Amino acid sequence: MAANNRRMSGKKGAQVGSGGKRRRGLEGKGPTPPAEMRKGHAKQRAAAAKARRAQGRAPQRRGGGKSASELVVGRNPVVEALREGVPASTLYVQQFIDNDERVREALQLAAERGGINLMEAPRPELDRMTNGLNHQGLVLQVPPYEYAHPEDLTDAAYDESEDPLIVALDGVTDPRNLGAVVRSVSAFGGHGVVVPERRSAGMTAGAWKTSAGTAARTPVARATNLTRALEAYKKAGITVVGLAADGEVELGDLEALDGPVVIVVGSEGKGLSRLVGETCDFRVRIPMPGGAESLNAGVAAGIVLYEAARRRG
């Protein structure tokens, strides 16, 4: 039987071949197309979304509602708020108040700023307004903050022919952290900050002070549901990047930062919530050779914003 097989293997005549497929398969498919032309790539989605926007009318700015008005109480807090440019509508001064240096400075700053009403009120009235807090005869009323809508931030970026660079905060409840993030977004050319409507810090006087005045030119948007807002950003072709200590991608290896991106920062203790983390396209970690377990929201956002600005520059 073995001899018979050898004789058959040496038989002359036509043989079944590949028809040239193997040779063509070795020729390659040419150079890799740019990211904007690769189907499913984040930059391709962003380019398609930008093209759709160019064909249609600009969407109507909807805004994200207003916060409640706020009172800054006490001589030192009032003076500090006026120094830092916190928006104010009315400065209430107690009748027959002891006219010390802080009172004089508060009155001078309010007069220099302009647009702030000066109201004299009896002590019982100020006690009622502040629910009995130690106001020391000075009360500053901060008007409601007008939040933007999350889509307003992307609209503003595209109006400037820029890729959106946005920071979203998930579970950050300290207004000082919000103010620090606003300051970093302004410093590195970002287009705004998104906060959820509930269980989140808002633009209070404390946030305004920490922002060092940058809140006047950097919008803060409020989302009824942060997860849905992030999903809407993704549908618009924007990459959503969540910061996590156990993230699968290291910051230096993340290519998405040079395109349209939303950076999501969680709370220092709990990090990203489950639903928000699952919504992110990437979970990114910041390398920390010093061994620190975590960074606060303001510092973490500043590091990633710097890296994004460096690549875009």
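The values are calculated or read from the model by the stated rules, or taken from the named source; none is laboratory data. All figures in this text were calculated on a predicted structure; none of them were measured in a lab. Don't worry about glycine lacking a Cβ; one is built from the backbone with ideal geometry, like all the others, and counts go over all protein chains shown. Accessible surface areas use protein heavy atoms only, side chains included; no ligands, DNA or RNA. Shrake-Rupley method; radii C 1.70, N 1.55, O 1.52, S 1.80 Å.
Only a single criterion out of (1) surrounded by 19 or more Cβ atoms within 10 Å (Cβ to Cβ); (2) more than 14 Å from the chain's Cα centre (by Cα); (3) closer than 15 Å to T214 by Cα is not satisfied by R176, namely (1). The criterion of at least 2 residues that are closer than 20 Å to P164 by Cβ and of a type in the set (G, A, S) is met, among strands (runs of 3 or more DSSP E) falling completely within the range 177-293, by 220-223. Within the range 265-287, the set of residues being in contact with a Ser or Thr (Cβ under 8 Å, 6 or more places away or on another chain) and either within 19 Å of V185 (Cα to Cα) or of a type in the set (K, R) (or both) comprises G266, S267, E268.
In the range 156-175, the residues that are on the phi > 0 side of the Ramachandran plot form Cβ pairs under 7 Å with partners that are open to solvent by 40 Å² or more (accessible area, probe 1.4 Å) and among the polar types (S, T, N, Q), at six or more places apart or across chains, as follows: G171/S273.
Anything in the range 258-278 that is in contact with a Leu (Cβ under 8 Å, 6 or more places away or on another chain), over 12 Å from A297 (Cα atoms) and surrounded by fewer than 23 Cβ atoms within 10 Å (Cβ to Cβ)? List them, or say none. V276 - this is the single residue of the range 258-278 that is in contact with a Leu (Cβ under 8 Å, 6 or more places away or on another chain), over 12 Å from A297 (Cα atoms) and surrounded by fewer than 23 Cβ atoms within 10 Å (Cβ to Cβ). Filtered by the rule that a residue be of a type outside the set (V, I, T), within 16 Å of E70 (Cβ to Cβ), open to solvent by 30 Å² or more (accessible area, probe 1.4 Å) and out of contact with any Lys or Arg (no Cβ under 9 Å at 6 or more places or on another chain), the range 189-233 gives a lone residue, R222. Got a number for residues in the range 121-133 being surrounded by fewer than 13 Cβ atoms within 10 Å (Cβ to Cβ) and either at pLDDT below 95 or in a helix (DSSP H, G or I) (or both)? Residues in the range 121-133 being surrounded by fewer than 13 Cβ atoms within 10 Å (Cβ to Cβ) and either at pLDDT below 95 or in a helix (DSSP H, G or I) (or both): 4 in total. Of note, G237 does not satisfy the criterion of being out of contact with any Phe, Trp or Tyr (no Cβ under 8 Å at 6 or more places or on another chain), among the small types (G, A, S) and closer than 17 Å to G271 by Cβ. I'd like the residue in the range 100-115 that is aliphatic (A, V, I, L, M) and within 14 Å of E84 (Cβ to Cβ) and, out of all such residues, is surrounded by the most Cβ atoms within 10 Å (Cβ to Cβ). Looking at residues that are aliphatic (A, V, I, L, M) and within 14 Å of E84 (Cβ to Cβ), I get A106.
Within the range 103-120, residues that are closer than 11 Å to L140 by Cβ have Cβ atoms under 7 Å from residues that are open to solvent by 90 Å² or more (accessible area, probe 1.4 Å) and assigned to a strand (DSSP E or B) in these pairs: A110/L118, counting only partners at least 6 apart in sequence or on another chain. Quick check: is even one residue across the range 144-156 in contact with a Gly (Cβ under 9 Å, 6 or more places away or on another chain), hydrophobic (A, V, I, L, M, F, W, C) and buried (at least 19 other Cβ atoms within 10 Å of the Cβ)? Looking for residues that are in contact with a Gly (Cβ under 9 Å, 6 or more places away or on another chain), hydrophobic (A, V, I, L, M, F, W, C) and buried (at least 19 other Cβ atoms within 10 Å of the Cβ), one finds at least one in the range 144-156, hence yes.
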